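What follows is one structure encoded as structure tokens, with my remarks underneath.
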Amino acid sequence: MVTGKTLIDRFERFAPKSLAVPGDPIGIQIGDATRQVHTMLVTLDVRPEVVEEAIRVNADMIFAHHPAVFRPAHNLNYADPQNRMYGDLMKHDILVYAAHTNLDRVAGGMNDWLSAALGLDEVQPFIESGEEANMGRIGTLPAPVSLGDFVQQVKDTFAVRGLRVIARDLDRPVQKVAVLGGDGGKFFRDAKLAGADVYVTGDVYYHTGHDMLAADMAVIDPGHHIESIMKDNVRALFITWAQAEDWPLHVVASQLNTDPFTFM
């Protein structure tokens, strides 16, 4: 028998809650951590279709990267699909837990997984101070490539049909790459100061894009959803821990794409 609390405690030994940015609503979102967990579903987002998937696979617990209750609900009127999702979670007694910026910051977590996927060597943090210190990573490609070729590599690595590039010259050589999953546009100056030739992050704002051009910092925005890389990696962590502790735990990575954007 293994409880949700046991699983949460083991995860937080890996990525302590103290690593989270102040105000980040991580931790238990819904449910009772003392309940037994036989099946866990790992997902990037907790959306109504993901909850339906959890019900189909008989999941007792959902482990998510993005908090399900990022903004408090004003009511629980089930006419709202989001509120109905909360009702379904409670009806089926599904525990929901979220690890967000603590998973982003921890060594061996989100940004290391993204760096490994891009084939970076000599990886280390590039944000040195403040509440988000150690959030991003910077490393080197095995050999210099043109920015245009690296853009294609990013598309292939993360299986995105389209992305946004902020640069004046796609032929410029790049080798030192900074990466930060999620909304990391405000850290482009940190990436440049660390010596990055190109910065990979999501959700770049229009005016920030102008600032990046003015600073001559090449940036690739493949979207926030590239963080879905966490599903298989978190699953692997829990499988390893379950084997070590002899837990009767089945861990499933969500098969759903929760990216709200479609490139046409």
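The values are calculated or read from the model by the stated rules, or taken from the named source; none is laboratory data. Owing to the predicted nature of the structure, the values given are computational and were not obtained by experimental measurement. Cβ atoms come from the backbone with ideal geometry, glycine included; neighbour counts cover every protein chain shown. Note: accessible area is taken over every heavy atom of the protein model, side chains too, but ligands, DNA and RNA are not part of it. Shrake-Rupley method; radii C 1.70, N 1.55, O 1.52, S 1.80 Å.
What to note about this one:
- Highest mobility in the GNM of the chain, judged by mean-square fluctuation with C-alpha springs under 10 Å and restricted to G108, G139, G185, is found for G108.
- Model label points for I28 and R84, set 7 angstrom from Cα along the Cα-to-Cβ axis, are 2.8 nm apart.
- Measuring gaps between exposed loop sites in the chain (GluC sites (Glu not before Pro); DSSP loop; at most 14 other Cβ atoms within 10 Å), the longest gap, sites not included, is 132-264.
- Cross-link partners for K176 among the lysines, with Cα-Cα distance under 26 Å and sequence neighbours closer than 8 places in the same chain left out: K155, K186, K192.
- The range 1-140: relative contact order as a whole-number percent, Cα under 8 Å and 6+ apart: 26 percent
- When S254, S129 are compared by accessible area of protein heavy atoms, the largest-first order is S129, S254, using a 1.4 Å probe.
- Separation of alpha-carbon centers, the range 28-105 and the range 137-180, rounded to whole Å: 34 Å
- Under 21 Å from K91, Cα to Cα: lysines that are on another chain or at least 8 residues apart: K5
- Taking 0.36 nm per residue of separation and subtracting the Cα-Cα distance, full extension of the segment from I239 to E128 would add 36.7 nm.
- For the chain, built as a Gaussian network whose Cα springs stay under 10 Å, the top-fluctuating residue of A79, A15, A191: A79
- Candidates P72, P248, P222: whichever shows maximal mean-square fluctuation once the chain is modelled as a Gaussian network with Cα springs under 10 Å: P72
- The chain, relative contact order [Cα under 8 Å, separation at least 6], %: 19 percent
- Heavy-atom accessible area for K17, with the other protein chains in place and a 1.4 Å probe, reaches approximately 100 Å².
- Mean residue ellipticity (222 nm) of the chain, computed from DSSP H runs ≥ 4 via -39,500 (n - 2.57), nearest 500: -9500 deg cm²/dmol
- The solvent-accessible area of F263, taken with every protein chain present and a 1.4 Å probe, is close to 90 Å².
- Within the assembled protein chains, the solvent-accessible surface assigned to Y205 is about 140 Å², based on a 1.4 Å probe.
- Among S146, S115, the order of accessible area from largest down is S146, S115, computed with a 1.4 Å probe on protein heavy atoms.
- Expressed to the nearest 5 percent, the antiparallel share of DSSP beta bridges inside the chain is 45 percent.
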